[in-house]
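J.: Structure in structure tokens, see below.
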Amino acid sequence: MGEVEVVVSEYAGFCWGVKRALELTLQAAREAPTPVNTLGPLIHNLGVIEQLKSRGVGVIADPREATGGTIILRSHGVPKEVREHLAAAALTVVDATCPFVAAAQEKVQALQEAGYLVVILGERDHPEVLGLRSYAGPDSLVVESAADVPEDFRATRVGVVVQTTQSQERLSELVAALAPRVRELLVHNTICSATELRQRAAATLAANVDVVVVVGGKESGNTRRLAELCATIQPRTYHVEKVSEVQQEWLRGARRVGITAGASTPPEQVQAVKAHLRELDP
Ligand code: F3S
């Protein structure tokens, strides 16, 4: 009875950049000119969006929808054109771009200005990658993995920048694929420290438990990569978005269950999964 031990990984859930964006948003809700809107949902989490709504923070999809008040830029950052558009508009802009993302944008711009062909490793349609790409110049390339590098790709000077939540393994694979095809390869490892700590802690956790439950949105790339990483170490890895997805049979014969969570997973969600796993323990 109650034999299963449930452990939560260190650095599971909200990262520093997301916490900072939430704090800036709550502060704006209290004191910034109204209406207050975020450009796109602040975090891919319905509970959080509802909570913000109850404090008067709305969501707009297009910067042109904002005609007054305050607009909040998410931790992912925005494309250059959006920033320029907003700077010219009569709006209060609260910039919650994560400093790690801003640093990656600066690297892209510097590479482009120095004449490098920029290769970005990241999810093609992710807002962070769209932002990075806007600084990269027309001949830049976005790849989701080493396999996306075209067979006939050849270049003289190539500069690599990485989406902050990518895995080190994917970066290594990309570098290995590019090196033989270019004369000069400059790599900026812009994977943020929060991501690295989270992945390392998750790997350690996966090696020390019988089952891993990864909590976070199915749409969340960083959560999916976390699940991918854990599954290579512990095949009994499950990615859940909601508590109700957790199944009792996952616990069969398990003595230790580990939980980790993506950067946009609120702490309450992690705790709810933990409590539920305890309840399911036969
Ligand atoms: Fe920033 Fe890294 Fe989080 S880039 S938003 S601290 S995952």
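The values are calculated or read from the model by the stated rules, or taken from the named source; none is laboratory data. The shown structure was predicted, so the numbers you read here are calculated from the model rather than taken from an experiment. As a convention, Cβ positions derive from the backbone with ideal geometry for all residues, glycine included, and neighbour counts pool all protein chains shown. Only protein heavy atoms, including side chains, enter the accessible area calculation; ligands, DNA and RNA are left aside. Shrake-Rupley method; radii C 1.70, N 1.55, O 1.52, S 1.80 Å.
J.: Answer yes if at least one residue in the range 205-218 is within 16 Å of the ligand (Cβ to nearest atom), assigned to a loop (DSSP other than H, G, I, E, B) and either in the same structural domain as ILE259 (by TED's automatic domain parsing) or within 17 Å of VAL8 (Cα to Cα) (or both), and no otherwise.
T.: yes
J.: Since ARG170 meets every condition but one in (1) open to solvent by 40 Å² or more (accessible area, probe 1.4 Å); (2) away from the ligand (no atom under 16 Å from the Cβ), which condition does it not meet?
T.: Unmet for ARG170, out of (1) open to solvent by 40 Å² or more (accessible area, probe 1.4 Å); (2) away from the ligand (no atom under 16 Å from the Cβ): (2).
J.: While we're on this one: State which residue is least open to solvent (accessible area, probe 1.4 Å) when the search covers only the range 256-274 and only residues that are more than 16 Å from the ligand (Cβ to nearest atom) and at pLDDT below 95.
T.: Applying the filter and picking the extreme gives GLN269.
J.: List pairs: first residue in the range 5-19 and open to solvent by less than 20 Å² (accessible area, probe 1.4 Å), second residue assigned to a loop (DSSP other than H, G, I, E, B) and within 8 Å of the ligand (Cβ to nearest atom) anywhere in the structure, Cβ distance under 6 angstrom, at least six positions apart or on different chains.
T.: Short answer, once both residue conditions are applied: GLY17/SER75; GLY17/CYS98; VAL18/SER75; VAL18/ALA263.
J.: While we're here: With respect to ARG83, is the statement that it is assigned by TED's automatic domain parsing to the domain that holds ARG30 and among the charged types (D, E, K, R) true? Steps first, answer last, please.
T.: On the way: assigned by TED's automatic domain parsing to the domain that holds ARG30: yes; among the charged types (D, E, K, R): yes.
So ARG83 fits the description; yes.
J.: Does SER75 qualify as being within 16 Å of the ligand (Cβ to nearest atom), in contact with a helix residue (DSSP H, G or I) (Cβ under 6 Å, 6 or more places away or on another chain) and under 26 Å from ALA194 (Cβ atoms)?
T.: On the way: within 16 Å of the ligand (Cβ to nearest atom): yes; in contact with a helix residue (DSSP H, G or I) (Cβ under 6 Å, 6 or more places away or on another chain): yes; under 26 Å from ALA194 (Cβ atoms): yes.
The answer is yes for SER75.
J.: Does the range 66-78 contain at least one residue that is in contact with a strand residue (DSSP E or B) (Cβ under 9 Å, 6 or more places away or on another chain), open to solvent by 50 Å² or more (accessible area, probe 1.4 Å) and not small (Gly, Ala, Ser)?
T.: Scanning the range 66-78, I find no residue that is in contact with a strand residue (DSSP E or B) (Cβ under 9 Å, 6 or more places away or on another chain), open to solvent by 50 Å² or more (accessible area, probe 1.4 Å) and not small (Gly, Ala, Ser), so the answer is no.
J.: For the range 23-37, give me each residue that is open to solvent by less than 30 Å² (accessible area, probe 1.4 Å) and either within 14 Å of the ligand (Cβ to nearest atom) or in a loop (DSSP other than H, G, I, E, B) (or both).
T.: Those that are open to solvent by less than 30 Å² (accessible area, probe 1.4 Å) and either within 14 Å of the ligand (Cβ to nearest atom) or in a loop (DSSP other than H, G, I, E, B) (or both): THR25, ALA32.
J.: In the range 90-149, which strands (runs of 3 or more DSSP E) lie fully inside it and hold 3 or more residues that are in the same structural domain as ALA176 (by TED's automatic domain parsing) and open to solvent by less than 60 Å² (accessible area, probe 1.4 Å)?
T.: The qualifying strands (runs of 3 or more DSSP E) are 117-121, 141-143.
J.: PHE14: within 14 Å of the ligand (Cβ to nearest atom) and in a loop (DSSP other than H, G, I, E, B), yes or no?
T.: yes
J.: Taking ARG236 as the residue in question, decide whether it is under 30 Å from GLY253 (Cβ atoms), over 17 Å from the mean Cα position of the chain (by Cα) and charged (D, E, K, R).
T.: So ARG236 passes the test.
J.: Name every residue in the range 207-245 that is within 24 Å of HIS44 (Cβ to Cβ), open to solvent by less than 10 Å² (accessible area, probe 1.4 Å) and of a type outside the set (S, T, N, Q), in order of residue number.
T.: Scanning the range 207-245 gives VAL212, VAL213, VAL214, VAL215, GLY216, GLY221, LEU226, CYS230, VAL240.
J.: PHE153: within 16 Å of the ligand (Cβ to nearest atom) and of a type in the set (Phe, Trp, Tyr), yes or no? Full working, then the answer.
T.: On the way: within 16 Å of the ligand (Cβ to nearest atom): no; of a type in the set (Phe, Trp, Tyr): yes.
Taking the combined requirement at face value, the residue does not satisfy it.
J.: Check PRO138, PRO127 and return the single one that is more than 16 Å from the ligand (Cβ to nearest atom) and either closer than 19 Å to ASN222 by Cα or more than 16 Å from the chain's Cα centre (by Cα) (or both). Walk me through how you get there before you give the answer.
T.: Numbers: PRO127 fails: more than 16 Å from the ligand (Cβ to nearest atom).
Of PRO138, PRO127, the one residue that is more than 16 Å from the ligand (Cβ to nearest atom) and either closer than 19 Å to ASN222 by Cα or more than 16 Å from the chain's Cα centre (by Cα) (or both) is PRO138.
J.: Right, another one. Only one residue in ALA88, ALA96, ALA104, ALA114 is over 23 Å from SER167 (Cα atoms), within 12 Å of the ligand (Cβ to nearest atom) and not charged (D, E, K, R), so which one is that?
T.: On inspection, the qualifying residue turns out to be ALA96.
J.: Which number in (1) open to solvent by 50 Å² or more (accessible area, probe 1.4 Å); (2) within 16 Å of the ligand (Cβ to nearest atom); (3) part of a strand (DSSP E or B) marks the one condition that GLU196 misses?
T.: Condition not satisfied by GLU196: (3).
J.: Looking at the range 38-65 only, could you name the residues that are within 29 Å of VAL108 (Cβ to Cβ), open to solvent by less than 30 Å² (accessible area, probe 1.4 Å) and not in a helix (DSSP H, G or I)?
T.: Within the range 38-65, THR38, LEU39, GLY40, LEU42, ILE43, ASN45, ILE60 qualify.
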